[in-house]
Amino acid sequence: MVKLLEWQGKEVFRNYGIPLPKGAVVHSGEEAAKALGTQVPLPCVVKAQVRVGGRGKGGALRFANTAEEAQKAVGELIGSKFKDETVKEVLVEEKRPIERELYISLTLDRSKRLPILMFSAEGGVEIENVPDEKIHKLWVHPYAGILDYQKRQVAKLLGLTDAPAKEVGVLMETLWKIFQGEDAELVEINPLVLSAGHLLALDSKVTIEDDSIFRHPQYDHLQGDMTPLEEKAHEKGIAFVEMGGDVGVIANGAGLTMATLDVLLENGGKPGVFLDLGGTDDPKKVAEAFLLMSEAHPKVVFINIFGGVTRCDTVASGLVSEIKQNPPPFGIVTRIRGHNETEGKAILKEAGIGSFSDLAEAVRQVVSMEGQ
């Protein structure tokens, strides 16, 4: 998935007609000085542009009454770290009076296989602490879209009347257009505020389904919230995800990869990174995958291959070739089954690498080596 920064999400909002405060993206205090007074009136809000939440409580969102205060805040935020993410740009935005803070989002309920509209009369930085019963939910039929009675229901539950009640209906329709038109996984406004008697989006959170990027070239250059190593793998066309544990997993196919992670967790293992080879049996691709895994520095790597489309012997050949050239500083446990299994095991055995046939037995060995 591709997570847009706040300012990028607001550009999407602006293109669809959602009301926003005046603002400008800057990369230095000097740029902020040029924007203030022309594009952005004072007082203003200075917001670090990162893809993680908690900016309000974590000091990454500041207020300024003068141009000097704004420049200073921008200078302090640019280049700083917030939850391990480096701040490269800052949104300077006019400070608007707030009468009420609301919450509204549109995402996908995978359990019901339907889009779901969630909203609450208690939006803002404390949304995570709002009781479940105060977060209302409406499921949206993908063919019918958002219906008029649902608009009236949302307005009533949010306590909106007159102009704001009509505005929230228009806003719901717009969120639905964005959700469909941009192939979004999530479109969220928190807070959606009532300011001077009208609704205004003070923040944005937009996540795009990465498999749809071919339809949206404007997002093609965005790497979402990938780590540097995940970006490197992405450039090579390899599915690679870092998770923070000690065990590296190389498997082929999303189903087998997820099942392997589940079995590891059930047996006390801590997956740190997983790499999905997909259906490839190209030894060069296998070698690239193993080199990426080495850069993640796991304690032990579990290689779990089922040879359907993939040939076990070519995977084994790529693995052995890479190990000979770059001996790994970690242990390796392998399990290969399926097409050319016997030949694959023979290649591994000749290189001094044992291979299990039973998944449970292999996982126990991985967990044992992890704990050493």
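Among Ala289, Ala351, Ala121, whose mean-square fluctuation peaks in a Gaussian network model of the chain (Cα, cutoff 10 Å)?
Largest GNM mean-square fluctuation: Ala351.
So for region 32-91, if I pair up every lysine 8 or more residues apart or on another chain, how many of those pairs have alpha-carbons under 14 Å apart?
Numbers: Lys34/Lys72; Lys47/Lys57; Lys47/Lys72; Lys47/Lys81; Lys47/Lys88; Lys57/Lys83.
Step by step, the pairs that qualify in region 32-91 add up to 6.
So, by mean Cβ neighbours within 10 angstrom, what's the order for 128-138, 340-350, 110-120 with the highest one leading? Walk me through the numbers on the way to the answer.
Details: 128-138: 10.9, 340-350: 17.8, 110-120: 14.9.
Descending packing order for the listed peptides: 340-350, 110-120, 128-138.
In square nanometres, what is one fourth of the surface area of the convex hull spanned by the alpha carbons of region 1-88? If you can, show how the numbers build up before the last one.
Values: hull surface 24.3 nm².
So the mean shadow area of the Cα hull is 6.1 nm².
Pick out, from Tyr143, Gly75, Gln8, the residue whose Cα sits farthest towards the positive end of the charge dipole of the chain, with +1 on the Cβ of Lys and Arg and -1 on the Cβ of Asp and Glu.
Tyr143
Over the Cα atoms of the chain, how large are the radius of gyration and the largest Cα-Cα distance (Dmax), in Å?
25.2, 78
From the square roots a ≥ b ≥ c of the eigenvalues of the alpha-carbon gyration tensor of region 239-367, which class results: rounded (a/c under 1.5), prolate (a/b over b/c), or oblate?
Working: a/c = 1.37, a/b = 1.22, b/c = 1.12.
Rounded.
What is the dipole size for region 228-370, taken about its Cα centre, with +1 at each Lys and Arg Cβ and -1 at each Asp and Glu Cβ, in debye to the nearest 20? Walk me through the intermediate numbers first.
Working: 13 positive and 20 negative charges, 56 e Å.
Dipole of region 228-370, to the nearest 20 debye: 260 debye.
With a bin width of 10 angstrom, please list the P(r) values of region 100-218 as percents of all Cα-Cα pairs, from the 0 bin to the one holding the largest distance.
Over region 100-218, the share of Cα pairs per 10 Å bin runs 13, 46, 33, 8, 0 percent.
Place +1 on the Cβ of every Lys and Arg and -1 on the Cβ of every Asp and Glu in the chain, take the dipole about the Cα centre, and give the residue among Leu319, Val206, Val333 whose Cα lies farthest towards its positive end.
Most positive-ward Cα: Val206.
Please identify the helices of the chain, taking whole runs of DSSP H, that span at least 30 Å along their own axis as judged from the Cα atoms and have a mean Kyte-Doolittle score of -0.5 or higher. If you can, show how the numbers build up before the last one.
Details: long enough: none.
Helices meeting the criterion: none.
Given Cβ point charges of +1 (Lys, Arg) and -1 (Asp, Glu) and nothing else, what value in debye, to the nearest 20, does the dipole of region 22-94 about its Cα centre take? All intermediate terms of the calculation are to be shown ahead of the outcome.
Values: 11 positive and 10 negative charges, 61 e Å.
It works out to roughly 300 debye.
Any idea which of His27, Ala60, Gln39 is furthest toward the positive side of the dipole for region 22-94, if Lys and Arg beta-carbons carry +1 and Asp and Glu beta-carbons -1?
Checked the options; the winner is Ala60.
Any idea how far the Cα center of region 133-180 sits from the one of region 262-341, in Å?
48
Only Lys, Arg, Asp and Glu count, each charged at its Cβ (+1, +1, -1, -1), so figure out the dipole size of the chain about its Cα centre, rounded to 20 debye. Can you show the working numbers first?
Values: 42 positive and 54 negative charges, 95 e Å.
My answer is approximately 460 debye.
Relative contact order for the chain using alpha-carbon pairs under 8 Å, separation at least 6, rounded to a whole percent?
Values: 732 pairs, mean separation 48.2, N = 372.
Averaging sequence separation for qualifying contacts and normalising by length gives 13 percent for the chain.
Just so you know, all these numbers are worked out from the coordinates, no wet-lab data involved. In this text the structure is predicted, and so the values were computed from the model without any measurement. FYI the Cβ positions are ideal-geometry reconstructions off the backbone, even for glycines, and counts take in every protein chain you see.
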